[in-house]
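Note sheet for the following structure.
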Amino acid sequence: MIAPRPTLYLNNHHGHTSCCEGCEDGEDASTSGSECGSPCTSHPSGTGTSEANGPFAKPVDQERIARAVREILFAIGEDPDREGIVDTPKRVAKAYAEIFRGLREDVSTHLARTFEQASDELITVTNINFFSTCEHHLLPFHGQAHLAYVPGNGRVVGLSKLARTVEVFARRPQLQERLTDQIADALVEHLDAAGAVVMVEGEHMCMKMRGVRSHDARMTTFARRGIFRTDERRGAETVQLVRDLASRPRC
Ligand SMILES: [Zn+2]
């Protein structure tokens, strides 16, 4: 039987960072100066609308990535010309182009195709898998996103478009808190949702592989928008519903 995992619950509308939780409590002092010397909580919240996180017009410069990766291999004491890794810089460049392609995608292209459904009832989609990359260490974090929204103008969007929305934001250098906020903001902005609740559960390799090596830590972040913020009771009930749906056994 698998032991239950401790869960970090951060009701997070204010931009606490995720991956550096571990840095604050026990990271190797030799690295904390460069990576975590500035307080992680100083990052601005909801920076997803800034240009730095919006779609870029220029293609990924794979040659530049490859040159940098070759330098990294030198720096760690490897021989980049060794047979087994001679093509690694090119492979990494290609992989980065894929895992960061969300920087070049505009979520509105997915959420623009709505269809009429005269309803103001809650719609939930849970257990959307995602893979993302922590912007502090460029190490993966992955997990599941769970969404709930109330249509605002009698228009809803297809299930696959919601999964695409999660993917667009996940495939960027990211913080779990920002990812959660960006998904919620997109539902309100592009679907005119009267309210939205987003819950994201993530496991961060930068906590598992390095630093505190907290193998079982899992972070849970929430974002509430619209009526789920103005109506505290309805917001709390919907968060609980999303949590219940997310944790129910699969059929
Ligand atoms: Zn990290």
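General observations
- Cα pair distances exceeding 23 angstrom across the stretch 135-251, given as percent: 33
- Theoretical FRET efficiency, 1/(1+(r/R0)^6), r = Cβ-Cβ of Asn153 and Asp216, R0 45 Å, to 0.05: 0.55
- Per-residue 3J(HN,Hα) values for the stretch 229-238, derived from phi via the Karplus relation 6.51 cos²θ - 1.76 cosθ + 1.60 with θ = phi - 60°, read 9, 6, 9, 4, 5, 5, x, 5, 5, 6 Hz in sequence order (x marks Gly and Pro).
- Per-residue 3J(HN,Hα) values for the stretch 151-165, derived from phi via the Karplus relation 6.51 cos²θ - 1.76 cosθ + 1.60 with θ = phi - 60°, read x, x, 10, x, 10, 10, 10, x, 4, 5, 5, 5, 5, 5, 4 Hz in sequence order (x marks Gly and Pro).
- Modelled spin labels at Ser119 and Lys90, positioned 7 Å past Cα toward Cβ, are 5.1 nm from each other.
- Across the stretch 55-166, the volume of the C-alpha convex hull divided among the residues equals 126 Å³ per residue.
- Of Thr230, Val188, Cys134, farthest towards positive along the dipole that unit charges on Lys, Arg, Asp, Glu beta carbons give the stretch 114-251: Cys134
FYI, it's all coordinate maths here, none of it is from the lab. On a predicted model such as this, the values are computed, not experimentally measured, just so you know. In this analysis, Cβ positions are derived from the backbone assuming ideal geometry, glycine residues included, and neighbour counts consider all displayed protein chains.
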